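Shown next, in structure tokens, is the structure this report addresses.
The values are calculated or read from the model by the stated rules, or taken from the named source; none is laboratory data. The structure presented is a predicted model; accordingly, all values stated were derived computationally and were not measured. Using ideal geometry, Cβ is built from the backbone for each residue, glycine included, and neighbour counts are taken over all protein chains shown.
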Amino acid sequence: MMRSLATAATLALIAGTACAQGVHEPYTDENCGVTTTYEAAPERAVTLSSNATELMLALGLEDHMAGTSYMAGMQISPDYEAAYNEIPILSPLVATTEQLIDAEADFVYAGYPDGFSESRHTRDQLHDLDMKTRLNTEGCNLGRFGFDELYEEIRSVAGIFGVPERGEALIEEMQAEVTGVEAALEGVESIPVFIYNGGEDAPRAVLGNTMLSHVVERAGGENILGDENNRYGSTSWEQLVAEAPEFIVVFYSGTESGQVVDDPSNNIGQARVDVLMSQPIIAGVPAVENENFITISSVIGQPGPSSVTALQELARAFHPEAFE
């Protein structure tokens with residue numbers, strides 16, 4: 001998503017006004033069963049995933065950030081690169097409890113559940129250390145998640161930091177981009193799509209309760225496993241033969257088996273395409289036969305401001321004729 005100069009100027013004006021006023025109304029955040037009241041905006045926030053980082057930066061909150069983590073081998077979206085480079089990177093993986101303490105974090109924001117776990121630190125454990133927390137609500141797995149839910153996520157984070165005007169400006173910008181894609185796709189027929197998340201013996205799949213599944217559908221596709229009421233799961237090669245997807249979206253992150261991978265676009269994304277091409281059983285599936293693959297990284301595939309970028313890329317891949 002390329003921010004227009006007008007929108008950027010508007011956000012800068014809003015940011016300046018907010019700073020000049022220095023006012024933060026008490027805000028109560030209801031999030032995944034955790035209720036938190038903010039009397040003031042956090043001053044030393046740390047993000048535990050790329051989509052959380054991008055959402056904070058899209059709201060112009062870099063001055064409230066003490067660190068980022070879990071970019072792994074991925075690159076931040078170009079719109080946020082300059083601001084991102086001014087913030088300490090605590091870890092290429094999820095920041096540890098010790099790193100959060102050293103950063104004097106007062107707010108910890110995870111874009112998906114990996115950030116909070118018994119093996120790392122739970123939200124309760126961080127609360128005991130006087131760190132408030134938030135989890136992007138897709139990670140709560142409460143059901144379908146799409147742009148409407150993402151807009152509410154933006155409103156919540158903007159409310160926590162006392163900048164609701166910035167939240168509405170960002171939402172308005174994203175809505176305009178989504179409307180533009182939908183206008184181009186008017187009248188097209190959806191195509192069946194499989195969202196592949198790795199695996200050789202049994203393919204792993206992205207299911208219906210994810211932003212990526214929603215984006216596929218808004219882009220003129222139909223997730224063949226979109227009726228599955230979960231975020232991730234497994235299927236079989238035989239099911240791909242039966243469903244005959246016309247396109248395969250290859251989803252990848254910057255880690256394998258918990259380790260950072262160099263050049264994940266090739267060493268994970270393209271490697272997963274190679275796995276698909278090497279499976280004789282699916283050689284006749286239209287997506288494989290026609291080599292209709294598109295790789296989508298976790299930076300744009302997880303719910304955040306770059307979900308609009310994923311929508312644009314997928315729509316152009318599925319229906320190039322609509323954008324000629």
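Looking at Ala183, is it over 29 Å from Pro280 (Cα atoms), touching a Leu at 6+ places or on another chain (Cβ under 6 Å), not assigned by TED's automatic domain parsing to the domain that holds Glu313 and not acidic (Asp, Glu)?
The answer is no for Ala183.
Please give the number of the condition Thr210 fails out of (1) within 30 Å of Pro42 (Cα to Cα); (2) out of contact with any strand residue (DSSP E or B) (no Cβ under 8 Å at 6 or more places or on another chain).
Of the numbered conditions (1) within 30 Å of Pro42 (Cα to Cα); (2) out of contact with any strand residue (DSSP E or B) (no Cβ under 8 Å at 6 or more places or on another chain), the odd one out for Thr210 is (2).
When you look at Pro245, is it without any contact (Cβ under 8 Å) to a residue 12 or more places away in the chain and in contact with a helix residue (DSSP H, G or I) (Cβ under 8 Å, 6 or more places away or on another chain), yes or no?
Criteria not met by Pro245.
May I ask you to say which residue of Phe116, Phe107 is modelled with pLDDT of 95 or more and in contact with a helix residue (DSSP H, G or I) (Cβ under 6 Å, 6 or more places away or on another chain)?
Details: Phe107 fails: in contact with a helix residue (DSSP H, G or I) (Cβ under 6 Å, 6 or more places away or on another chain).
It is Phe116.
Considering only the stretch 280-309, state which residues are of a type outside the set (Val, Ile, Thr) and in contact (Cβ under 8 Å) with a residue 60 or more places away in the chain.
Hits for the stretch 280-309 are Ala287, Ser297, Ser298, Gly301, Gln302, Pro303, Gly304, Pro305, Ser306, Ser307.
Against the conditions (1) surrounded by fewer than 17 Cβ atoms within 10 Å (Cβ to Cβ); (2) in a loop (DSSP other than H, G, I, E, B), where does Asn267 fall short? Just the number, please.
It is condition (2) that Asn267 fails.
Output the residue which, of all residues in the stretch 314-324 that are under 15 Å from Glu177 (Cα atoms) and touching a residue at least 40 places away in the same chain (Cβ under 8 Å), is surrounded by the fewest Cβ atoms within 10 Å (Cβ to Cβ).
The qualifying residue surrounded by the fewest Cβ atoms within 10 Å (Cβ to Cβ) is Phe323.
Of the residues that make up the stretch 248-256, is at least one among the hydroxyl-bearing types (Ser, Thr, Tyr), in a strand (DSSP E or B) and within 25 Å of Glu182 (Cα to Cα)?
At the first step, the residues of the stretch 248-256 found to be among the hydroxyl-bearing types (Ser, Thr, Tyr) are 252-253, 255.
Restricting the remaining residues to those that are in a strand (DSSP E or B) gives 252, 255.
Next, from what is left, pick out any that are within 25 Å of Glu182 (Cα to Cα): none.
Checking the stretch 248-256: not a single residue is among the hydroxyl-bearing types (Ser, Thr, Tyr), in a strand (DSSP E or B) and within 25 Å of Glu182 (Cα to Cα).
Does the stretch 155-168 hold any residues that are among the small types (Gly, Ala, Ser) and within 19 Å of the chain's Cα centre (by Cα), and which are they?
Ser156, Ala158, Gly167
What is the number of the single condition among (1) within 27 Å of Asn141 (Cα to Cα); (2) touching a residue at least 40 places away in the same chain (Cβ under 8 Å); (3) not aromatic (Phe, Trp, Tyr) that Ser257 does not meet?
Status for Ser257: all satisfied but (2).
Quick one: which of Ile294, Ile281 is assigned to a strand (DSSP E or B) and either of a type outside the set (Asp, Glu) or in contact with a Phe, Trp or Tyr (Cβ under 6 Å, 6 or more places away or on another chain) (or both)?
Selected residue: Ile294, the only one of Ile294, Ile281 that is assigned to a strand (DSSP E or B) and either of a type outside the set (Asp, Glu) or in contact with a Phe, Trp or Tyr (Cβ under 6 Å, 6 or more places away or on another chain) (or both).
How about the stretch 198-217: which of its residues are of a type outside the set (Asp, Glu), out of contact with any Ser or Thr (no Cβ under 8 Å at 6 or more places or on another chain) and assigned to a loop (DSSP other than H, G, I, E, B)?
The answer is Gly198, Gly208, Asn209, Thr210.
Can you tell me which residue among Ser297, Ser278 is polar (S, T, N, Q) and farther than 21 Å from Ser49 by Cβ?
One residue alone meets the criteria, Ser278.
Which fully enclosed helices (runs of 4 or more DSSP H) of the stretch 70-175 have 1 or more residues being touching a residue at least 12 places away in the same chain (Cβ under 8 Å), loosely packed, with under 15 Cβ neighbours inside 10 Å and out of contact with any Gly (no Cβ under 7 Å at 6 or more places or on another chain)?
Filter on the stretch 70-175 gives 97-102, 123-128, 147-160.
For Val261, are the conditions met, namely being crowded, with 19+ Cβ neighbours inside 10 Å, farther than 23 Å from Asn209 by Cβ and at pLDDT 95 or above?
yes
For the stretch 124-180, enumerate the residues that are over 20 Å from Ala58 (Cα atoms), of a type in the set (A, V, I, L, M) and at pLDDT 95 or above.
Of everything in the stretch 124-180, those that are over 20 Å from Ala58 (Cα atoms), of a type in the set (A, V, I, L, M) and at pLDDT 95 or above turn out to be Leu126, Leu129, Met131.
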